[in-house]
Every structure is written in C-alpha cells, then in structure tokens.
Amino acid sequence: MRLSVDQFRHWQHKSITLLGMSGVGKTRLSAMLRQGSWFHFSGDYRIGSRYLDEPILDNIKQQAMQVPFLRDLLRTDSIYIANNLSFDNLKPVSSFLGKLGNPEQGGLPLPEFKRRQALHHQAEIAAMRDVPAFIQKAQQIYGYSHFINDAGGSVCELDDKETLKTLAEHTLILYIQATEQDEKELIRRTEIAPKPLYYREAFLDEQLAEYMQLQKIEFVAQIDPDDFVRWVFPRLFYSRIPRYEAIAREYGYTITTTELAKVETEQDFLALVEKALEET
C-alpha cells in the first residue's frame, strides 16, 4: 500500500505489516502499541495456535510416549497435552521446527527436517493470508481502531506473490532494516544461543552441501545441530536482506533499527512512519 503523508494521517483504521529479521524489534513495538488502540496480530502465534497446532502436539506426544510412565497415562486418556503459546513464548513452534543433525544431540534427519520446514512454509502463507479477515475482526469484534501485523522473519522467503499482494493491498508494509552494528549483534546472539530456523529448500540444500564438504562429513547424522545453525545463520541473514529490500521497494517503506529504538510512544511511531513516507 502506497500512501502520502496526508493520506496516512487521515487513514481512520491504520493497518501496518512489520517485516524484518527476528530480533529487530517487531514484537517490542507491537507489544507497546497493543497497550493502546492497536490490535496485535502475531504471525508466529497464528502459525502455532492454528496451522501447526496438531503437528506440534503430535511431536510432543511422540516424545512423551517414549517415557513409560507418561505413555500409560496418555494411552488411557488420564492426561492430555496442550500448547501454552503466547506472543512472548513461541517455543513450541521453534521446537517443532527443530535442528538438523545428530539425533543423539537432538537433531533431526534430513527428510523429517524438510517435512517440518514444508509444513511451516504452508502455515506461514496461510497465516499471512488471514490478515484481511483479522483486520475486520479487530475492528468489528474487539473494537480496536488500528492493526499491526507482527510478521515472522521468514516472510521474505515465502516466494508467494499472491500473499505479498494481499498484505500490500490491506496493509502498509514497513521493513525494519538492521544497521551494521545491529546485524553483528543479531549474529552474536545466535552464536550464543542457536535457535531453530526456517530455510528455503534450495538455500538449505546448497548450504548443507558446502558445510558437509568443509567439515568432511559424509552423513547428516554426524552434524552437530548447534554448530550448523551457528555456521549457516550469517549466510541466511545476508541472503534475506535483498529479499526484504525488494519487498520494500515494490510494496512498502523502510525504517532502521536505530530509528525504531528511539520510539517510546504511539505518536513517536506514527511520526517515524510519516518520515519514511516522505523519504520514499
């Protein structure tokens, strides 16, 4: 959605999609805005609570069934397992995605890893296509004036034009570009605490082959899951930047993490958006 500053100011029910890598401040901003008149739509929460709920629970149950005490209780319906997702706790989603590598270190075999990646890809498309309906719900059911779409970091990897067009038609797309210093910090955090990630299949195949050649590894089961994430994350990070930039050029606007860090109120945020509109 393209708007002039005047059009944005007079837009009665503002709807904005935030794009950017995990850690750039999307959720912090959304949490601040929802204290006021903004409905916070979390793409990752929607994925976990709606589209991956059953696969996530099946994965947890499969692990629980390996414990004799829990197996007996589950098979007799004496206990049940449920997700405890929240906007601030999306660990069930990341634990389902998992990491590739040695099963003795919690890693997944390649076919199962790719299966879960494909399910996440489908779920993310579905979640983003839910945005127009939730914009209406936010106003008509919950009485919110405005809508903020806290999109997942892998939205730029969907390779689905229709989904991007849907977001652009119903929301103003705002890409949060990490400064060089913040890029280094995001990479440093991943090195300290490697997390499960989504990869485009072509990217994964290319990087996996190179990693295994460098490490002189013959089988995926020999891979240290955390080591692979640490190695591949900077490559993933920099491969996503031109994708974000292309989306912003075609459909939206760009702000920086430095600018966003200064936002403390809703009015600060609106002023920052207006600045981005003026500069484009």
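Details
- Among residues of the range 196-240, those that are β-branched (V, I, T) and either on the phi > 0 side of the Ramachandran plot or not in a helix (DSSP H, G or I) (or both), counted: 2
- Near pairs, Cβ below 6 angstrom, 6+ apart or cross-chain, from the range 254-278 (buried (at least 20 other Cβ atoms within 10 Å of the Cβ)) to any residue that is part of a loop (DSSP other than H, G, I, E, B) and not aromatic (F, W, Y): T257/V24; T257/A178; T257/T179; L260/G25; F269/V263
- Screening S49 with (1) surrounded by fewer than 18 Cβ atoms within 10 Å (Cβ to Cβ); (2) closer than 30 Å to R230 by Cα; (3) of a type in the set (S, T, N, Q) gives one miss only, at (1).
- Pairs, first closer than 21 Å to D53 by Cβ in the range 66-86, second basic (K, R) and surrounded by 11 or more Cβ atoms within 10 Å (Cβ to Cβ), C-beta under 7 Å, six or more apart: L74/K61; I81/K61
- Subset of the range 64-86 [part of a helix (DSSP H, G or I) and surrounded by fewer than 12 Cβ atoms within 10 Å (Cβ to Cβ)]: P68, F69, R75
- All helices (runs of 4 or more DSSP H) inside the range 87-182 with 3 or more residues being more than 19 Å from the chain's Cα centre (by Cα) and either under 16 Å from G252 (Cβ atoms) or of a type outside the set (A, V, I, L, M) (or both): 131-140
- Of E266, E250, E245, all but one fail to be more than 30 Å from L110 (Cβ to Cβ), among the charged types (D, E, K, R) and touching a helix residue (DSSP H, G or I) at 6+ places or on another chain (Cβ under 7 Å); the exception is E266.
- Within the range 211-236, tally of residues that are over 25 Å from L186 (Cβ atoms) and either in contact (Cβ under 8 Å) with a residue 40 or more places away in the chain or surrounded by 16 or more Cβ atoms within 10 Å (Cβ to Cβ) (or both): 5
Throughout, read-outs are computed from the coordinates displayed, never taken from laboratory work. Every value quoted in this text rests on a predicted model; they were computed, and no experiment measured them. Using ideal geometry, Cβ is built from the backbone for each residue, glycine included, and neighbour counts are taken over all protein chains shown.
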